[in-house]
Amino acid sequence: MIVRLISHSIIALLFVAGSFSAASASGFETKATFAVLMDGETGDILYEKEGDVLMAPASMTKLMTMTLLFEALKEGRLSLTDTMTVSENAWRRGGAASGSSTMFAEVNSRIPVEDLIRGVIVQSGNDACIAIAEGMSGSEEAFAEEMTRRGRELGLAQAEFRNSTGWPHPEHKMTARELAQLARHLIYDLSDYYPYYNEREFTWNGITQSNRNPLLYMNLNADGLKTGHTEASGYGLVASGEQNGRRLILVVNGLSSERERSEESEKLLRWGFREFKTYDLYAAGDVVENAEVWQGVYDLVPLVVAEDVSLTLTRAARRDMKVSANWDGPIAAPIKAGQEVGTLTIEAPNAPTRQFPIYAGANVDQIGLFGRAMSSVLQMVTGE
């Protein structure tokens with residue numbers, strides 16, 4: 001196995017902008033019981049506090065409710081102009097009489113899907129959520145089962161849903177990391193519908209309500225997503241913002257008040273944009289090293305990456321980063337361009353080791369029979 005450390009000075013010339021992971025970065029503290037800061041482009045975790053511990057997600061659950069609805073819209077199974085009925089069950093358990101967050105929908109009314117979307121996202125209406133659940137799956141219980149099933153497909157390994165609203169239930173749990181993953185799915189895979197999360201107010205039944213996301217009203221370029229609060233969960237928020245082409249996603253939960261939620265989420269997002277920088281190491285097709293060839297018509301073959309290789313790090317971690325190319329060599333001819341031959345390894349403080357496959361960047365034919373015989377004799381004589 002050949003391991004070749006790539007010079008920091010060479011890497012420095014390649015840095016422009018990109019993304020990577022720095023799990024549980026040091027130098028930051030939050031009052032939140034649970035917290036995650038994620039790089040939007042890659043999904044890498046830049047900071048976490050109890051990020052994989054199950055918690056009560058409260059109304060942040062509604063991100064999953066919207067995921068199922070938006071996917072149905074994207075696939076053409078529903079349209080924005082379709083209507084759904086607000087049943088007596090939805091009205092009693094999620095309407096004005098429930099004492100919970102509500103859209104103030106009237107019992108037995110039929111509401112267009114697009115208005116229900118705003119009722120959920122802007123007004124956090126539990127009546128709107130239950131109407132969607134019953135309209136899509138026949139009952140909220142069946143819809144919750146579908147939420148859990150789809151969550152598994154999206155990589156939410158621990159999440160368990162028992163309702164569409166986030167109403168307290170001992171078995172209704174998610175992790176902060178899973179909420180960040182779900183937000184990323186909404187932002188990137190369901191991007192046509194993401195702008196709803198940036199709407200500041202919505203009026204239904206003559207009642208205007210403002211979006212509860214505090215970061216929308218700050219100078220942070222925040223554009224979503226969802227607050228949550230119950231006695232069991234404390235105050236929480238899933239939010240995202242973009243500055244200078246970089247998107248961050250944050251999750252906080254377990255805070256003691258609306259004010260603390262606002263302050264801690266703002267602090268985390270500002271810190272993330274200030275302290276982390278995104279670097280590009282290689283573009284797809286770039287040569288990372290040249291490897292010796294055994295019995296080929298050429299002595300060397302370029303080793304290339306097939307995808308962009310980039311990382312997000314603190315400046316301090318960047319200084320101690322190590323990049324190495326690893327392969328079994330010399331590589332025996334014939335060699336086909338695109339043949340996987342080794343691994344590019346990236347190590348940095350407070351970041352998991354990342355590995356990317358490297359490939360032969362050119363065809364190298366094998367030398368003729370006489371050449372191979374002479375090469376073998378030379379190796380036996382010289383040991384090279």
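The values are calculated or read from the model by the stated rules, or taken from the named source; none is laboratory data. Small disclaimer: the values here were computed from a predicted structure and weren't measured. Ideal geometry is used to build each Cβ from the backbone, glycine not excepted, and the neighbour counts take in all protein chains shown.
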### Query
Of all the helices (runs of 4 or more DSSP H) wholly in region 78-156, which have at least 1 residues that are farther than 27 Å from S210 by Cα?
126-137, 140-153
### Task
Would you mind stating whether A133 is within 19 Å of L78 (Cβ to Cβ), in contact (Cβ under 8 Å) with a residue 24 or more places away in the chain, surrounded by 23 or more Cβ atoms within 10 Å (Cβ to Cβ) and small (G, A, S)?
yes
### Query
Before we move on, is G125 buried (at least 21 other Cβ atoms within 10 Å of the Cβ), at pLDDT below 95 and not aliphatic (A, V, I, L, M)?
no
### Task
Taking only region 40-73 into account, find how many residues are closer than 11 Å to M147 by Cβ and touching a Gly at 6+ places or on another chain (Cβ under 7 Å).
3
### Query
Within region 176-189, is even one residue in a strand (DSSP E or B), among the acidic types (D, E) and either within 26 Å of V113 (Cβ to Cβ) or touching a strand residue (DSSP E or B) at 6+ places or on another chain (Cβ under 9 Å) (or both)?
no
### Scan of region 280-309 for residues that are surrounded by fewer than 21 Cβ atoms within 10 Å (Cβ to Cβ), closer than 28 Å to Y47 by Cα and of a type outside the set (A, V, I, L, M, F, W, C), ordered by number
D280, E307, D308
### Task
Just give me the residues in region 183-202 being among the polar types (S, T, N, Q) and out of contact with any helix residue (DSSP H, G or I) (no Cβ under 9 Å at 6 or more places or on another chain), in sequence order.
S191
### Task
Go through region 202-261 and give me each residue that's more than 17 Å from T175 (Cα to Cα), among the aliphatic types (A, V, I, L, M) and more than 22 Å from the chain's Cα centre (by Cα).
I207, M218
### Task
Just one of (1) aromatic (F, W, Y); (2) closer than 21 Å to T203 by Cβ; (3) outside any helix (DSSP H, G or I) trips up Y47, so point out which.
(2)
#### Entry: Inter-residue pairs, beta-carbon under 6 Å, first on the phi < 0 side of the Ramachandran plot and in region 195-221, second surrounded by 16 or more Cβ atoms within 10 Å (Cβ to Cβ) and assigned to a loop (DSSP other than H, G, I, E, B), 6+ apart
E199/V122; R200/N211; F202/V122; F202/Q123; W204/M103; I207/F104; Q209/Q123; N211/V122
